[in-house]
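Participant: My questions all concern the structure below.
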Amino acid sequence: MANGIVTQGGLLIAATGLRKTFGATEALRGIDLHVERGEVLAIMGPSGSGKSTLLHCIAGVLTPDEGRVVIDGEDVTALDADARARFRLRRIGFVFQFGQLLPDLNAVDNVALPLLMSGVGRRAATTRATEWLERLGLDDQLSKVPGDMSGGQAQRVAIARALATEPAVIFADEPTGSLDSVAGENVLTSMLAAVRELGTTVVLITHDARVAAYADREVIVRDGQLSAASRGDVA
Ligand SMILES: Nc1ncnc2c1ncn2[C@@H]1O[C@H](COP(=O)(O)OP(=O)(O)O)[C@@H](O)[C@H]1O
Ligand SMILES: [Mg+2]
């Protein structure tokens, strides 16, 4: 509580002994990572060091060759592909660098989509999508398609979409990587305001030390292994 975050206490994510190879490339070489409920964790590290692979293995998008991932008491690595997809839909939100919104759908329909997929009715999904967009400061973008928004507005729509299902954890891979620094900062602060209020856990990959400074904790991935970080350690 020293940093003012609302924690319900306890571990949300326990990843142990993660290894993943692609052909001759050892992308992950034995990673252990624990994330507390309500924590905002920044993952830093050089390009190609294994950050995205780590995120994908933890989120159940990729299956690690070795190791185990438990999220909110569920052993994700033990689930079959269908069960893992259902778990992701219910419990996990994703935000990527760009290009994840459906170009032909307006903001409300983009945010409503995961709600519809998880069984919420059309009218309730639309109402909830609108509320999430308003929360992210997008009241005036509701009926716009992504191509008619700025990059920062589109990323905030993506964040609203990730949050709309009220997941236990948001995984974000360079969410501000395609934006200039002012737009990036706006996107980040609106995301963090929402997750702090909800107590949502965030695992955030970033190259940018200023972005990482918003996190409660940073870790650095180098050559597929974790090294503890101190503030200001350059990735
Ligand atoms: N699908 C894949 N097929 C082959 N090699 C991959 C694949 N994904 C990642 N890699 C390799 O694994 C290493 C780690 O990649 P990645 O996790 O994307 O790093 P980062 O996100 O830190 O830039 C790199 O050498 C990359 O080329
Ligand atoms: Mg990456």
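The values are calculated or read from the model by the stated rules, or taken from the named source; none is laboratory data. Since the model is a prediction, treat every value here as computed from it, not as a measurement. As a convention, Cβ positions derive from the backbone with ideal geometry for all residues, glycine included, and neighbour counts pool all protein chains shown. Each accessible area value is taken on the protein alone, full model and side chains, heavy atoms only, with ligands, DNA and RNA left out. Shrake-Rupley method; radii C 1.70, N 1.55, O 1.52, S 1.80 Å.
Participant: Out of the residues in segment 34-45 meeting the condition of being among the hydrophobic types (A, V, I, L, M, F, W, C) and within 16 Å of ligand 2 (Cβ to nearest atom), tell me which one is surrounded by the fewest Cβ atoms within 10 Å (Cβ to Cβ). Outline the logic, then answer.
Facilitator: Taking segment 34-45 as the starting set, the residues that turn out to be among the hydrophobic types (A, V, I, L, M, F, W, C) are 35, 40-44.
Checking which are within 16 Å of ligand 2 (Cβ to nearest atom) leaves us with 41-44.
Numbers: LEU41: 21, ALA42: 24, ILE43: 29, MET44: 24.
By that ranking, first place goes to LEU41.
Participant: Right, here's the next one. Here are the criteria: (1) touching a Phe, Trp or Tyr at 6+ places or on another chain (Cβ under 9 Å); (2) within 12 Å of ASN110 (Cα to Cα). Tell me which single one LEU142 does not satisfy.
Facilitator: (1)
Participant: Taking segment 204-219, which residues are among the basic types (Lys, Arg) and not in a helix (DSSP H, G or I)? Give the steps one after another, and end with the answer.
Facilitator: At the first step, the residues of segment 204-219 found to be among the basic types (Lys, Arg) are 210, 217.
If the condition is that a residue be among the basic types (Lys, Arg) and not in a helix (DSSP H, G or I), then ARG217 is the only one that fits.
Participant: Take the residues in segment 145-161 that are under 12 Å from LEU101 (Cα atoms) and assigned to a loop (DSSP other than H, G, I, E, B), then tell me which one is most open to solvent (accessible area, probe 1.4 Å). Lay out the reasoning, then the answer.
Facilitator: Going residue by residue through segment 145-161, those that are under 12 Å from LEU101 (Cα atoms) are 145-147, 149, 151, 153-161.
When the remaining residues are screened for being assigned to a loop (DSSP other than H, G, I, E, B), the result is 145, 149.
Details: VAL145: 45, MET149: 24 Å².
Residue satisfying both the conditions and the ranking: VAL145.
Participant: Okay, next question. Output the residues belonging to segment 162-187 that are more than 16 Å from ligand 1 (Cβ to nearest atom) and either crowded, with 23+ Cβ neighbours inside 10 Å or within 30 Å of GLY121 (Cα to Cα) (or both). Before you say what the answer is, go through the steps one by one.
Facilitator: Initial filter on segment 162-187 (more than 16 Å from ligand 1 (Cβ to nearest atom)): 162-170, 179-187.
Once the filter is applied, which keeps residues that are more than 16 Å from ligand 1 (Cβ to nearest atom) and either crowded, with 23+ Cβ neighbours inside 10 Å or within 30 Å of GLY121 (Cα to Cα) (or both), segment 162-187 yields ALA162, LEU163, ALA164, THR165, GLU166, PRO167, ALA168, VAL169, ILE170, VAL187.
Participant: Only residues that are of a type in the set (Phe, Trp, Tyr) and closer than 11 Å to ALA160 by Cα: list them for segment 94-119, please.
Facilitator: Applying the first criterion (of a type in the set (Phe, Trp, Tyr)) to segment 94-119 yields 94, 96, 98.
The answer is PHE94, and nothing else.
Participant: From GLY119, GLY67, which residue is open to solvent by 10 Å² or more (accessible area, probe 1.4 Å), away from ligand 2 (no atom under 16 Å from the Cβ) and in a strand (DSSP E or B)? It would help to see each step written out before you state the result.
Facilitator: Details: GLY119 fails: in a strand (DSSP E or B).
Residue meeting the stated conditions: GLY67.
Participant: Is segment 46-59 home to any residue that is closer than 14 Å to PHE171 by Cα and away from ligand 2 (no atom under 16 Å from the Cβ)?
Facilitator: So far as segment 46-59 goes, no, none of its residues is closer than 14 Å to PHE171 by Cα and away from ligand 2 (no atom under 16 Å from the Cβ).
Participant: Being of a type in the set (Asp, Glu) and under 24 Å from LYS51 (Cα atoms) is the filter here, so list the residues in segment 134-183 that pass it. Steps first, answer last, please.
Facilitator: Taking segment 134-183 first, the residues of a type in the set (Asp, Glu) are 134, 139-140, 148, 166, 173-174, 180.
Once the filter is applied, which keeps residues that are of a type in the set (Asp, Glu) and under 24 Å from LYS51 (Cα atoms), segment 134-183 yields ASP173, GLU174, ASP180.
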